[in-house]
């Protein structure tokens with residue numbers, strides 16, 4: 001510690017160690033928090049088509065179209081250890097060929113500081129709702145749930161499902177091609 | 001121009017070094033505790049980091065330059081040996097001793 005450089009070295013190393021301990025403290029204060037909030041989902045329009053799916057092995061697959069409303073208040077989740085939330089809407093159902101299918105229809109990133117009250121109406125799905133085969137037609141029970149991935153400043157990234165889901169049924173017949 | 005910088009003494013004595021280490025450790029720990037509590041209160045980790053950086057800057061200012069308070073107990077060197085016939089043997093021993101103390 002006789003020279004300026006060696007004093008600066010020990011000062012900086014000590015500061016970094018203290019900073020690491022503070023980050024661990026930040027993680028510990030929020031590690032065991034429950035990050036689930038109630039979510040309200042409504043479905044306004046449901047339609048189904050049978051189209052060629054070039055990414056799949058068979059000739060024609062079912063393609064579903066769902067228009068929905070989501071409302072949720074995500075403010076309680078944000079604390080000093082949350083950087084952003086990655087929300088995604090999942091449709092879950094079972095068919096004759098597969099016991100469990102899960103398809104992500106829509107997702108969104110909410111950063112810290114953005115508006116945390118979600119009140120979306122008439123949202124169309126972002127991604128195609130293709131089925132692995134023809135299992136969507138006349139399927140009585142398709143469950144829509146909103147989940148999110150919490151991205152922290154320090155610590156693990158939990159996947160949390162919102163409480164509240166919506167079940168819907170697909171119609172019996174396919175929609176014929178409309179003329180515009 | 002650099003000879004002017006080199007002539008500024010930057011060393012401290014041992015008691016001064018111990019005092020400097022205690023000062024910077026104390027300042028940084030205190031600012032860390034204050035920063036942690038304030039960040040927890042406003043729920044923003046950015047404030048914790050800013051307060052820590054402020055504490056780091058204050059302790060840099062307090063301990064990096066060699067203030068006179070760190071030089072109050074200088075080492076007491078032995079008086080120089082007067083010139084005698086045994087001087088040639090004494091000289092390399094003295095210079096070795098000085099290197100160890102540094």
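The values are calculated or read from the model by the stated rules, or taken from the named source; none is laboratory data. The shown structure was predicted, so the numbers you read here are calculated from the model rather than taken from an experiment. Every residue, glycine as well, gets a Cβ built from its backbone with ideal geometry; the counts of neighbours run over all protein chains shown.
Structure values in brief
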{"read-out": "Residue within segment A:92-108 that is in the same structural domain as residue A:76 (by TED's automatic domain parsing) and at positive phi present", "value": "no"}
{"read-out": "Unmet criterion (only one of (1) at pLDDT 85 or above; (2) part of a strand (DSSP E or B); (3) over 30 Å from residue B:45 (Cα atoms)) for residue A:164", "value": "(1)"}
{"read-out": "Where residue A:23 falls short, out of the listed (1) assigned to a helix (DSSP H, G or I); (2) touching a residue at least 60 places away in the same chain (Cβ under 8 Å); (3) over 25 Å from residue A:154 (Cβ atoms)", "value": "(3)"}
{"read-out": "Any hit, segment B:35-48, residues being at the interface with another protein chain (Cβ under 10 Å from one of its Cβ atoms) and not in a helix (DSSP H, G or I)", "value": "yes"}
{"read-out": "Residue list for segment A:100-109, restricted to those being crowded, with 18+ Cβ neighbours inside 10 Å and within 17 Å of residue A:69 (Cβ to Cβ)", "value": "A:105, A:106"}
{"read-out": "Some residue of segment B:62-70 being modelled with pLDDT of 85 or more, facing chain A (nearest Cβ under 7 Å) and in a helix (DSSP H, G or I)", "value": "yes"}
{"read-out": "Number of positions in segment A:50-97 that are in a strand (DSSP E or B) and in contact (Cβ under 8 Å) with a residue 12 or more places away in the chain", "value": "28"}
{"read-out": "Candidate set from segment A:136-154 (those that are assigned to a loop (DSSP other than H, G, I, E, B) and either modelled with pLDDT of 85 or more or touching a strand residue (DSSP E or B) at 6+ places or on another chain (Cβ under 7 Å) (or both)); member that is nearest to the other protein chains (Cβ to nearest Cβ)", "value": "A:153"}
{"read-out": "Search result, residues across segment A:98-121 that are without any contact (Cβ under 8 Å) to a residue 40 or more places away in the chain and not in a strand (DSSP E or B)", "value": "A:98, A:99, A:100, A:112, A:113, A:114, A:115"}
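Residue by residue, here is whether (1) within 11 Å of another protein chain (Cβ to nearest Cβ); (2) part of a loop (DSSP other than H, G, I, E, B); (3) at positive phi holds:
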{"site": "A:12", "(1), (2), (3)": "yes, no, no"}
{"site": "A:32", "(1), (2), (3)": "no, yes, no"}
{"site": "A:35", "(1), (2), (3)": "no, yes, no"}
{"site": "A:45", "(1), (2), (3)": "no, no, no"}
{"site": "A:48", "(1), (2), (3)": "no, no, no"}
